[in-house]
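The values are calculated or read from the model by the stated rules, or taken from the named source; none is laboratory data. Being a predicted model, the structure only gives us computed values, none of them experimental. Here the Cβ positions follow ideal geometry from the backbone for every residue, glycine too, while neighbour counts run over all protein chains shown.
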Amino acid sequence: MKKTAKVLVLMLSMTSIQSCQKDTSFLITENSVGPLSQTTKVSELESVFAQDSIVQDTTAIKLGDSNKKIEVFEKGGKHLLTLTPSSDSIPTIENIRIHDPRYVSENGIGLQSTFKDIEKNYKSKKIVTTLNSIVIFPKGSNLYFTIDKQELPSELRFTTSTIEAVQVPDEAKIKYLMLGWE
């Protein structure tokens with residue numbers, strides 16, 4: 001009976017230790033996105049995402065066109081990431097677009113976040129106005145966020161002039177979440 005109790009205590013201890021370890025499968029840091037790191041080579045993607053599906057234009061890669069996008073899908077078809085390789089002689093990943101809302105930054109920001117969440121967790125370095133959206137670049141971060149102009153007040157939707165942070169509604173939703181490594 002004592003032996004069974006010891007085994008049970010040992011199993012409970014192991015379970016509590018495992019539950020304390022943080023799952024980083026969908027964590028975005030300055031140097032990683034889930035299992036992908038800033039130093040991961042394009043040639044390593046198949047092993048990094050062994051449980052997922054990698055879709056890339058192998059013809060373009062063989063011809064040396066490394067600017068073609070690489071898409072990562074979860075088994076079952078859910079789009080996780082779109083990767084843009086660098087043009088280095090040994091290509092790594094230069095840019096990542098997050099498609100899955102399970103990916104969140106260390107500050108808890110993901111595709112389900114709002115402009116208020118961004119402002120609460122990051123200081124804006126600059127906001128760039130494009131034809132259909134605004135792009136928020138936080139200070140000291142490789143992340144950047146795109147908000148569709150449809151989320152803005154009607155008088156700002158068709159402007160190409162500079163939009164200030166105070167003009168963006170708190171409830172404006174993130175359309176794209178991206179990470180750029182140079």
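Of the residues examined, residue 4 is not one that is within 16 Å of the chain's Cα centre (by Cα), at pLDDT below 95 and polar (S, T, N, Q). Looking across the range 139-182, the residues that are surrounded by 11 or more Cβ atoms within 10 Å (Cβ to Cβ), of a type in the set (Gly, Ala, Ser) and either without any contact (Cβ under 8 Å) to a residue 12 or more places away in the chain or not in a strand (DSSP E or B) (or both) come down to 141, 165, 172. Considering 70, 90, 127, 136, the condition of being more than 30 Å from residue 164 (Cβ to Cβ), crowded, with 17+ Cβ neighbours inside 10 Å and in contact with a strand residue (DSSP E or B) (Cβ under 7 Å, 6 or more places away or on another chain) is satisfied by 70 alone. The set of residues in the range 51-89 being modelled with pLDDT of 90 or more and among the aliphatic types (A, V, I, L, M) consists of 54, 55, 70, 72, 80, 81, 83.
Listed here are the residues, each with its yes/no results for (1) of a type in the set (S, T, N, Q); (2) closer than 18 Å to residue 33 by Cα; (3) assigned by TED's automatic domain parsing to the domain that holds residue 101.
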position	(1), (2), (3)
130	yes, no, no
136	no, no, no
150	yes, no, no
160	yes, no, no
163	no, no, no
172	no, no, no
177	no, yes, no
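Per-residue answers, yes or no, for (1) assigned to a loop (DSSP other than H, G, I, E, B); (2) farther than 20 Å from residue 176 by Cβ:
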| site | (1), (2) |
| --- | --- |
| 50 | yes, yes |
| 77 | yes, yes |
| 84 | no, no |
| 93 | no, no |
| 112 | yes, no |
